[in-house]
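Below is one structure, written out as structure tokens; the observations come after it.
The values are calculated or read from the model by the stated rules, or taken from the named source; none is laboratory data. In this text the structure is predicted, and so the values were computed from the model without any measurement. Cβ coordinates were reconstructed from backbone atoms using ideal geometry, including for glycine residues, and neighbour counts include every protein chain displayed. Areas reflect the complete protein model, heavy atoms only, side chains present, ligands, DNA and RNA absent. Shrake-Rupley method; radii C 1.70, N 1.55, O 1.52, S 1.80 Å.
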Amino acid sequence: MGLISRLLGIIFLVTGGALFFLGQGDPVLGIFYYFGGIMVMAMGISLLTAGSGKKEEKPPPPTVTEIRCDNAECTFKEIRDFQNGDYILKALEAPCPKCQGSMTIHGVYVVREEPPIPII
Amino acid sequence: MVKAEPETVEMIQMQIGAESEFSWIINLAFFAFIIIFSLYGAKIQMWQWLKQIETGLIELKKMAIESRQTSIDTFKKFGRKEDEVAKDLDRWLDYFTIMPVDLDPAGILKRLDHLLDERRDRFQEFVTDIAPEASQSELQSLENTLEVTQVLGLIFRIVRHFFILGKKTGSQIMIMQIQMQMPDLLRLAKAYFDALDAFSAGKPIGDGIGPLVVTKFAREYGGTAETYVHEISREVGYYPIDVEGRTVYALRATGPGGTVGKPGLAVKKLVDNHKGSIARIITVDAALKLEGEELGRVSEGTGAAIGDLGPEKHAMEQAATDNKIGIEAIVIKEDEAAAVGVMDKKILDAIPEVVERIRTAILKRTKPGDKIILAGIGNTIGIGL
């Protein structure tokens, strides 16, 4: 929801609250002020909270490709964006920049942020 | 005309609970509210439910349409024009499989297996027609893309059917059921919708952890793509490896195309080929985690870890039972979204633990000279040999 609806919501809420308390002293019309105030406040709250129930969708996390050198003694590891044609255990043609050995894709994955699991 | 005495008016007002001059209006409104809600409460609630279903239905329709477009965009890269692909795809989205009759259950699994083979053949034939320039492994991944689009279209059409039928008949129970199932249906549809990216781009999915574990294990013991024995059953093969004096047949579907293959029948065939010498069957698969459990948690148990419609699991259990072979399962816990979505890092991180548990199972429960079947169950999309 935009800024205007939020502002309108606040105005409605304040007006409703004023009406609600204005009628307190009037024994005859007080009840109308009371209900009128509640209705205007409800409209204000609706305007303020509209759209807040729907969470903004996060874009999916990027898929990355993890490349490692096949040489057990070499520690070279590279993580780059996924490219079409990548798959796990694919042998790459490019040599390891550290030891010139062969390299293999060891992982194609996403890292999702998840809320911690409550310990119950 | 008889004029009511002021005392009489006051008495009537008091009878409806009036304390002041105007409060009777409030009391009347209160009674009206009670009457309206007792008579029309159910109708108001139905209207509310229908509105909620409609909102969900719009979401489902959006997913179905977008997935159809993604499929068209993916297929048209392989040699056919967009309008031709769209026309053929729409025809195919209605494709159905009639389950075998279960009034006479004898032999039902054989009949089901036959129907599933036939269905698979038709799918392959269709995908080859629609993407003539795709390679074998691309065809398998395209088949998965098609299946996801089909599932999303089906969910939308079924919910729409009950929504319209419920509206037509005014059946409260029908509308209530759909409204109550809607969050679950939306969650399922969202999981498949998000997975479309993985299938169309050939990325590995969470369900592929079984075959991946098997390959990683086989590689530790010298198994390679060259030693992999192809097609012991449809799209399934194995690495023969030696683990501390035992012969292990590390079995999985052939990747990196998206296929599950027929691992149950492959196990049965291996057992038959090595009559009496298979000492143990170990299955590795992804399993649905319970809410609150950690993603990628490893569990083990007894039985065949495979989630097919029946024939594969039956073949595995039958082979184990007939030959008195111990059968155990190691599973990696995932939710639906993680199982059909791009492989999550947490699932990949479970591999060393699963490999260790397999090693322990082999060393503890078999002896040197034994033959063991290690079966990695799952979709091999994006997972090489």
Exercise. Please name all residue pairs, on different chains or six or more residues apart, with Cβ atoms under 8 Å, provided the first residue is in the stretch B:39-56 and is without any contact (Cβ under 8 Å) to a residue 40 or more places away in the chain and the second residue is open to solvent by 70 Å² or more (accessible area, probe 1.4 Å) and part of a helix (DSSP H, G or I).
Key: B:Ile44/B:Phe37
Quiz prompt | Pair list, Cβ < 9 Å and 6+ apart or interchain, from the stretch B:369-385 residues that are farther than 17 Å from B:Ala287 by Cα and within 13 Å of another protein chain (Cβ to nearest Cβ) to residues that are among the basic types (Lys, Arg) and surrounded by 23 or more Cβ atoms within 10 Å (Cβ to Cβ) | solution = B:Ile381/B:Lys203; B:Gly382/B:Lys203; B:Ile383/B:Arg252; B:Leu385/B:Arg252
Exercise. Scan the stretch B:129-152 for residues that are closer than 18 Å to B:Ala191 by Cβ and aliphatic (A, V, I, L, M) and jot them down.
Key: B:Leu146, B:Val148, B:Val151, B:Leu152
Quiz item: Any residue in the stretch B:354-365 that is modelled with pLDDT of 95 or more, more than 14 Å from every other protein chain (Cβ to nearest Cβ), more than 19 Å from the chain's Cα centre (by Cα) and assigned to a strand (DSSP E or B)?
Solution: no
Quiz item: Name the residues in the stretch B:196-215 that are touching a residue at least 40 places away in the same chain (Cβ under 8 Å) and either over 19 Å from B:Ala266 (Cβ atoms) or assigned to a loop (DSSP other than H, G, I, E, B) (or both), would you?
Solution: B:Leu196, B:Asp197, B:Ala198, B:Phe199, B:Ser200, B:Gly202, B:Lys203, B:Pro204, B:Ile205, B:Gly206
Quiz prompt | Residue in the stretch B:133-163 that is nearest to B:Lys61 (Cα to Cα), counting only those that are open to solvent by 80 Å² or more (accessible area, probe 1.4 Å) and more than 21 Å from the chain's Cα centre (by Cα) | solution = B:His161
Quiz prompt | Among (1) within 17 Å of B:Ile327 (Cα to Cα); (2) within 14 Å of chain A (Cβ to nearest Cβ) - the single one B:Thr215 does not satisfy | solution = (1)
Self-check item: Residues being among the acidic types (Asp, Glu) and under 19 Å from the mean Cα position of the chain (by Cα) - total across the stretch B:295-329
Solution: 2
Exercise. Would you mention how many residues in the stretch A:98-112 are under 14 Å from B:Gly296 (Cα atoms) and exposed (fewer than 15 other Cβ atoms within 10 Å of the Cβ)?
Key: 1
